[in-house]
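Data block below; observations after.
Each value in this text was obtained by applying a stated rule to the coordinates, not by laboratory testing. Just so you know, these numbers come straight off a predicted model, no measurement behind them. All Cβ positions, glycine included, derive from the backbone under ideal geometry; neighbour counts span all protein chains shown.
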Amino acid sequence: MEEASPNLVTIRNVTKYYERGKQRIEVLHGIDIGIAKGEFLALMGPSGSGKTTLLNLIGGLDKPSTGSVEVAGTRIDQLGSGELAKWRAANVGFVFQFYNLLPMLSARKNVELPLLLTKLSSAERKRNAEIALHLVNLGDRAAHKPKELSGGQAQRVAIARAIVSDPTLLICDEPTGDLDRHTADEILGLLQELNRLHGKTIIMVTHDPKAAEFAARRLQLDKGALVNAVESRSEA
Amino acid sequence: MKYLPLLWANLLRKKTRTILTILSVIVAFLLFGMLDAVRVAFSVRDSLEGASRLVVSSRLSIIQPLPYADLQQIQRIDGVEAVVYANWFGGIYQDRKNFFANFAVSQNYLDIYPEFILPKEQEQAFLTTRTGAVVGENLANRFGWKLGDKIPLEATIFPHKNGSNTWTFDLVGIFKAREARDRNQEDQMLFRYDYFDEGRTFGNGTVGWYVVKIADPERAAEITQAIDSFFANSAAETKTQTEKQFALDFVKQMGDIGLIVTSIMGAVFFTILLLTGNTMSQAVRERIPELAVLKTLGFSNQRVLWLVLGESLLLVILGGMVGLLLSMFGVNALSAAFRGGVFKVDINSWLTGVGLMVLLAVGVGLPPALRAMRLRIVDALVAH
């Protein structure tokens with residue numbers, strides 16, 4: 001019988017490797033992490049350190065080669081692809097470095113996308129998307145297409161899309177990597193607000209130390225392993 | 001339905017490409033509708049119901065003549081009001097491209113065609129002039145013929161026994177259609193059978209077909225049966241049918257219409273399959289990162305497969321429906337050229353068309369849809 005965990009995310013002895021012909025490339029080696037509900041965690045490390053791979057495992061985009069990934073009591077490494085898709089839709093919001101909005105849809109329609117997987121009516125989807133856009137201060141840009149938005153605005157739309165279905169966990173992969181300092185700080189401030197005021201658990205990958213300062217806790221990865229066994233905590 | 005705006009937005013992403021693809025699908029289904037109407041017209045037997053005229057030809061083949069002696073026997077069959085006869089001549093006026101129908105006919109031929117108006121004195125001239133010919137007004141206008149003109153036709157089947165290939169006729173009458181819908185029937189030339197029969201080098205004493213006027217159209221089926229039964233087991237068995245069916249069989253001599261039409265449609269759809277398939281594959285290839293994003297958001301593999309297939313279906317159904325609608329207009333125009341509305345896009349053509357649309361959509365959509373379904377999110381996002 002497994003021990004009950006107080007964490008929202010529990011990663012135990014996770015390894016991840018890829019086969020390239022006869023060669024096995026191990027990108028994560030025996031990672032153990034616990035992330036509490038409502039935490040804002042920054043995963044830092046140089047390129048190739050495995051931070052995005054780890055983020056993909058937590059977000060259910062990939063599966064570990066060995067070890068377990070448990071999120072909110074669900075062993076997501078044991079879910080089939082269909083169940084995993086449903087689980088992602090219900091539990092995780094994703095924010096990418098390059099926003100990854102669908103260019104032919106308006107901001108509102110982009111935000112509505114996750115809601116297409118729910119039983120909400122068209123009017124309810126529209127209303128929820130507008131609320132999410134208001135929450136990121138973009139209520140007046142609902143009809144704009146991504147190409148008509150600045151980088152910061154596009155990222156706000158991406159955040160609105162990530163939170164519209166009210167997920168427990170927000171996964172952010174270099175959310176400010178394509179933004180200038182000022183805009184980046186605004187986005188990070190918004191994430192911090194979502195964490196503090198709305199209780200969202202946020203896991204953010206970044207190699208920008210200034211961005212990491214917005215997180216309540218920082219973990220350093222290098223060559224597929226946590227550098228410090230003792231996790232350092234800091235308040236922004 | 002909730003995915004329709006998403007599918008529509010994807011189609012409109014590259015408007016020019018989508019419009020061109022839809023246009024090619026429209027053309028394909030326009031051709032399908034028209035060709036299928038032709039195929040159906042040549043494969044469906046015309047109903048005898050209400051027919052006031054029947055055509056009696058050889059049971060063996062439309063080009064096999066019947067004995068002239070059959071005339072009196074047909075006239076004696078109960079319910080037959082009048083019998084006329086004709087023989088295809090196939091003459092060429094000056095140049096092959098000047099094609100028009102020309103027949104040797106009995107002198108009373110126009111008596112059973114009240115839809116044509118021939119002035120009395122011209123009718124009389126036809127009866128008294130062995131080399132006389134009457135033509136429809138359209139044909140006269142086309143070649144600038146007027147009464148009294150001599151019209152030479154080059155024989156393609158029947159050389160003249162005088163050794164010449166040229167038959168010369170005196171234009172003694174110009175008939176007009178009573179109704180506008182019959183104007184297309186004015187493109188023919190009729191001349192006297194006795195002049196033709198005496199002058200030809202073979203086949204004398206035979207006619208191509210008989211046209212029977214019946215007193216009671218309600219008895220068409222019965223009289224048809226009576227005529228064919230009468231000549232059953234004779235040296236020249238007959239096939240009696242409606243004029244429309246006879247005309248269709250006449251055209252069928254050119255070849256297997258069904259095979260020709262199916263071959264053309266097959267080639268068209270194969271080309272469309274390649275063209276549209278390439279477009280769909282390209283469109284999906286360009287959107288791989290976006291499909292990965294949809295999967296990230298929780299769209300399952302199957303849902304992504306259906307989205308791509310739905311897009312393909314929308315594209316083909318849109319073009320196909322417009323094409324079939326346009327074909328209805330085209331077929332109506334074609335039908336107007338054939339008396340009695342021979343061609344039409346019927347419910348079966350629509351159902352076959354919709355079936356083809358679905359097949360085409362699956363054919364062009366399935367390979368990219370499978371690719372999208374199998375897409376690994378992590379790989380696609382890294383590639384982006």
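Run the reach check for A:LYS63 against aspartates and glutamates, Cα to Cα strictly under 19 Å, same-chain hits fewer than 8 apart removed. What comes back?
Within reach: A:GLU19, A:GLU26, A:ASP32, A:ASP77, A:GLU83, A:ASP173, B:ASP379.
Between B:ASP228 and B:LEU370, what is the spin-label point distance in nm, taking each point 7 Å from the Cα along the Cα→C-beta axis?
Taking the two extended label points, one gets 5.0 nm.
So for chain B, averaging the separation of alpha carbon pairs under 8 Å that are six or more residues apart and normalising by length, what relative contact order in percent results?
It comes to 28 percent, rounded to a whole number.
How large is the translational diffusion coefficient of segment B:183-304 in µm² per second when you combine the Kirkwood radius over alpha carbon pairs with Stokes-Einstein at 20 °C and 1.002 mPa s?
Values: Rh = 21.6 Å.
Calculated translational D: 99 µm²/s.
Among B:ASN278, B:ASN102, B:ASN87, determine the one that fluctuates most according to a GNM of chain B built with springs between C-alpha atoms less than 10 Å apart.
Judging by the Gaussian network model, the answer is B:ASN278.
Can you tell me which lysines have their Cα less than 28 Å from the Cα of B:LYS15? Leave out same-chain residues fewer than eight positions away.
Counting by Cα, and skipping residues close in sequence, B:LYS15 has these lysines nearby: A:LYS109, A:LYS126, A:LYS145, A:LYS147, B:LYS2, B:LYS295.
First select every other residue whose beta carbon is under 13 angstrom from the beta carbon of B:PRO289; then total the charges, Lys and Arg +1, Asp and Glu -1.
+1
Between A:GLN78 and A:LYS37, what is the spin-label point distance in nm, taking each point 7 Å from the Cα along the Cα→C-beta axis?
Going by the 7 Å Cα→Cβ label model, 2.1 nm.
Using only helices, what value at 222 nm comes out for chain B when you add -39,500 (n - 2.57) per DSSP H run of length 4 or more and divide by the total residues, to the nearest 500 deg cm²/dmol?
-17000 deg cm²/dmol
Dipole magnitude of segment B:198-356 about its Cα centre, charges +1 at Lys/Arg Cβ and -1 at Asp/Glu Cβ only, in debye to the nearest 20?
I would put it at about 520 debye.
Please give the Cα centre distance for segment B:112-139 versus segment A:36-114, rounded to the nearest Å.
The distance from the Cα centre of segment B:112-139 to that of segment A:36-114 comes to 89 Å.
Lysine pairs in segment B:65-235 8 or more apart or on different chains: how many have alpha carbons under 27 angstrom apart?
So the count works out to 12.
With the cut-off at 1.5 for a/c, could you classify segment B:65-235 from its C-alpha gyration tensor as rounded, prolate or oblate?
Working: a/c = 2.08, a/b = 1.35, b/c = 1.54.
It is oblate, given that a/c is not under 1.5 and a/b is not larger than b/c.
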